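S.K.: Take this structure, written in structure tokens, and hold onto it; I'll ask about it next.
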Amino acid sequence: MTELSYLFMVTAGLAGLLSMISIWSRHRSWIRAGALAVAVLFLPLAYASYATLLSKPKPVALEWWLGEADEATVLSSSIQEEVGIFLWLQLAEIAEPRAYVLPWNRDLAEQLQEAAREAEEQNGQLQMRLPFEPSLDELEPKFYAMPQPALPPKDLNRPPPKMYQQAKRGEQDA
């Protein structure tokens, strides 16, 4: 199950508790019926609002459950000046990628563009260090290109390849 399911179950439980309190209260019947109707209408509204949030990037400051991730692979990015840095991240602990937004920071945006350019030149991946922690350390970059993987070792014990030479014209007839 996803976080949406857990959040909705908690919301439904709270709405159920609210409706039980309203039913057993000592108010007039129309007040109790109104409170029950509000609780019943609250459930689809809560589910729709949670489902709508699934398509929006989450601010990294609100990531509580995965706050201790050391690295993430940046699958895609979009920089909107004075708005934010939008990222599509693949985290090691989670199978599906997630959308996040970083607050606007010119230095961070330039660092992201440089690292993306470097990763593209090397045909490598773009990584992000400590994606959910605000870092005041300016010396260590937040975005970096993964180093190019080492070539496989050469097999020195292999026999030399066979050499074929083309026969000359006069030698073909003989």
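S.K.: Spot the failing condition for LEU53; the list is (1) touching an Asp or Glu at 6+ places or on another chain (Cβ under 9 Å); (2) among the hydrophobic types (A, V, I, L, M, F, W, C); (3) at pLDDT below 75, and only one is missed.
M.R.: Evaluating LEU53 over (1) touching an Asp or Glu at 6+ places or on another chain (Cβ under 9 Å); (2) among the hydrophobic types (A, V, I, L, M, F, W, C); (3) at pLDDT below 75 leaves (1) as the failure.
S.K.: Can you name every residue in region 4-13 that is under 29 Å from the mean Cα position of the chain (by Cα) and surrounded by fewer than 12 Cβ atoms within 10 Å (Cβ to Cβ)?
M.R.: Answer for region 4-13, where residues must be under 29 Å from the mean Cα position of the chain (by Cα) and surrounded by fewer than 12 Cβ atoms within 10 Å (Cβ to Cβ): SER5, TYR6, MET9, VAL10.
S.K.: Restricting to region 80-101, count the residues that are in a strand (DSSP E or B) and exposed (fewer than 12 other Cβ atoms within 10 Å of the Cβ).
M.R.: Looking only at that region, the number is 1.
S.K.: Give all pairs with beta carbons closer than 6 Å in which a residue from region 146-174 that is under 30 Å from GLU114 (Cα atoms) meets a residue that is modelled with pLDDT of 70 or more and in a loop (DSSP other than H, G, I, E, B); count only pairs at least 6 apart in sequence or on separate chains.
M.R.: The qualifying pairs are MET146/GLY124; MET146/GLN125; GLN148/GLN122; GLN148/GLY124.
S.K.: Looking at (1) outside the structural domain of LEU14 (by TED's automatic domain parsing); (2) at negative phi; (3) of a type outside the set (D, E, K, R); (4) not in a strand (DSSP E or B), which is the only condition PRO44 fails?
M.R.: Here PRO44 meets the rest and fails (1).
S.K.: Looking at (1) closer than 20 Å to LEU62 by Cβ; (2) in contact with a Ser or Thr (Cβ under 8 Å, 6 or more places away or on another chain), can you tell me which one GLN125 breaks?
M.R.: Failed condition: (1).
S.K.: Follow-up. Scanning for something of a type in the set (A, V, I, L, M), exposed (fewer than 10 other Cβ atoms within 10 Å of the Cβ) and either modelled with pLDDT of 75 or more or not assigned by TED's automatic domain parsing to the domain that holds ALA109 (or both), does region 139-154 turn up at least one residue?
M.R.: Yes, some residue in region 139-154 is of a type in the set (A, V, I, L, M), exposed (fewer than 10 other Cβ atoms within 10 Å of the Cβ) and either modelled with pLDDT of 75 or more or not assigned by TED's automatic domain parsing to the domain that holds ALA109 (or both).
S.K.: Mind checking which residues of region 54-79 are surrounded by 13 or more Cβ atoms within 10 Å (Cβ to Cβ) and either of a type in the set (Lys, Arg) or assigned to a helix (DSSP H, G or I) (or both)?
M.R.: Passing the criteria: LYS58, VAL60, ALA61.
S.K.: Exactly one of (1) assigned to a strand (DSSP E or B); (2) modelled with pLDDT under 90 is unmet by ASN123. Its number?
M.R.: Only one criterion is unmet by ASN123, namely (1).
A quick yes/no check of all residues on (1) in contact with a Pro (Cβ under 7 Å, 6 or more places away or on another chain); (2) of a type in the set (A, V, I, L, M, F, W, C):
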position: ILE21; (1), (2): no, yes
position: PHE42; (1), (2): no, yes
position: ALA92; (1), (2): no, yes
position: TYR100; (1), (2): yes, no
position: ARG106; (1), (2): no, no
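S.K.: Moving on. Does LEU102 satisfy the condition of being within 13 Å of PRO57 (Cβ to Cβ), in contact (Cβ under 8 Å) with a residue 40 or more places away in the chain and either of a type outside the set (Lys, Arg) or in contact with a strand residue (DSSP E or B) (Cβ under 8 Å, 6 or more places away or on another chain) (or both)?
M.R.: Answer is yes for this residue.
S.K.: Counting just the residues of region 14-37 that are at pLDDT 75 or above and polar (S, T, N, Q), which one comes out surrounded by the most Cβ atoms within 10 Å (Cβ to Cβ)?
M.R.: Here the residue is SER19.
The values are calculated or read from the model by the stated rules, or taken from the named source; none is laboratory data. What you are looking at is a predicted structure, and each value in this text was computed from that prediction instead of being measured. Counting neighbours? That spans all protein chains shown, and the Cβs are built from the backbone with ideal geometry, glycine included.
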